[in-house]
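Quick notes on the structure that follows.
FYI, it's all coordinate maths here, none of it is from the lab. Note that the coordinates shown come from a computational prediction; the quantities given were computed from them, not determined experimentally. Quick reminder, even Gly has a Cβ in these numbers, built from the backbone with ideal geometry, and neighbours come from all protein chains shown.
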Amino acid sequence: MKLALAQIAVEPSAVAANRRRAADAVERAAAAGCDLVVLPELFTVGYFAFDAYQRNAERLDGETVTALGELAAAHDIGILAGSFVEDLELSAAAGHDVPAGEGLANTSVFLDRDGNREAVYRKHHLFGYDSAESDLLVAGESLPTVEFAGFIVGVTTCYDLRFPELYRRLVDSGATLVAVPSAWPYPRVEHWQLLPRTRAVENQCYVAAANGVGRFDDAELLGRSTVYDPWGTPLASSDDDPALVTADISPETVADVREEFPALSDRR
């Protein structure tokens with residue numbers, strides 16, 4: 001499978017412009033022959049634009065997911081719709097299964113090549129350090145996986161990288177690839193490079209960490225989107241400019257690594 005990480009510039013509160021950048025990245029990924037493209041965390045509104053969360057919240061089948069579903073079908077490409085601010089009350093009213101009847105969530109949606117919604121992941125661990133996320137949003141509860149192009153794909157979001165037990169649960173569910181939409185800021189460059197690599201090594205799976213770039217009032221996203229193989233080797237990465245990061249990955253590699261070095265089976 002050819003995988004793409006869409007490291008787009010995320011402009012605070014500029015939802016329409018950010019959607020256009022995401023659509024352009026999807027189209028470029030499709031033109032490059034990619035099978036799946038991963039968008040960054042809260043790419044619509046911008047993670048640090050906290051005052052814009054409520055007014056830009058959408059239901060699960062709102063404008064963002066609908067437009068990306070149409071793109072997926074038009075270009076025969078899978079899309080992990082990074083994440084957007086979901087209004088759980090609106091989603092519930094539309095008949096969608098939600099963890100609570102009201103509030104907002106940091107929600108990612110996996111769309112298949114036909115634009116169908118195959119999995120919904122709402123961020124489990126909400127960031128509180130220099131962030132209003134934990135005050136504004138409701139934590140997710142489910143941890144889905146989806147079959148795609150020979151992989152079992154799991155999803156986590158940004159701060160979730162600091163909680164290894166979440167990744168163990170995904171591996172126990174069969175995950176061979178974990179996609180991580182993120183909005184990771186300076187100055188924690190070393191943590192951003194260490195944590196997804198560690199999750200790849202200890203779980204012997206691919207980890208695809210898709211970050212955004214852009215400046216906010218009190219923060220700057222550091223980019224450096226990277227695909228790690230099951231040995232923890234970086235296959236493709238970027239700097240802190242907008243980029244489309246692509247890598248060829250194989251489910252057979254996961255099986256080979258786990259057979260050659262059977263650490264997962266040695267757990268007690």
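Computed extension gain for Asp51 through Asp172, at 0.36 nm per residue and net of the alpha carbon distance, reaches 39.8 nm. Given the choices [x] 22; [y] 17; [z] 54, percent of Cα pairs over 31 Å apart derived from the coordinates of this structure is entry [y].
Working from label points 7 Å from Cα in the Cα-to-Cβ sense, the Glu147 to Glu260 distance is 2.7 nm. Amide H contacts under 5 Å for Ala119: Phe110, restricted to partners 5 or more places along the chain or on a different chain, H placed in the peptide plane at 1.01 Å from N. For the stretch 121-225, trypsin sites (Lys or Arg not before Pro) meeting the loop criterion (DSSP other than H, G, I, E, B) and having at most 13 other Cβ atoms within 10 Å: Arg188. In this structure, the amide hydrogen of Leu235, modeled 1.01 Å from its nitrogen in the peptide plane, lies closer than 5 angstrom to those of Val227, Tyr228, Asp229, counting only residues at least 5 positions away or on a different chain.
Between Glu102 and Phe163, how high is the FRET efficiency from 1/(1 + (r/R0)^6) when r is the Cβ-Cβ distance and R₀ = 35 Å? Nearest 0.05.
Efficiency computed from Cβ-Cβ geometry: 0.85.
Full extension of the chain between Ala94 and Asp239 yields a length gain of 48.2 nm, computed as 0.36 nm times the residue separation minus the alpha carbon distance. In the chain, the longest principal axis of the Cα atoms and the axis of helix 189-203 are about 50 degrees apart. Of the chymotrypsin sites (Phe, Trp or Tyr not before Pro) found in the stretch 157-250, none is in coil by DSSP with at most 10 other Cβ atoms within 10 Å of its Cβ. Principal-axis analysis of the Cα atoms of the chain puts helix 63-75 at an angle of about 50° to the longest axis. When only Cα pairs below 8 angstrom with a gap of at least 6 residues are kept, the stretch 162-217 shows a relative contact order of 47 percent.
Can you sort Ile152, Ile79 from fewest to most other Cβ atoms within 10 Å of each residue's own Cβ? Present the calculation step by step, with values, prior to reporting the outcome.
Working: Ile152 19, Ile79 28.
Result, fewest neighbours first: Ile152, Ile79.
3J(HN,Hα) along the stretch 144-151: x, 10, 9, 7, 7, 6, x, 9 Hz, from the Karplus curve 6.51 cos²θ - 1.76 cosθ + 1.60 with θ = phi - 60°, whole Hz, x for Gly and Pro.
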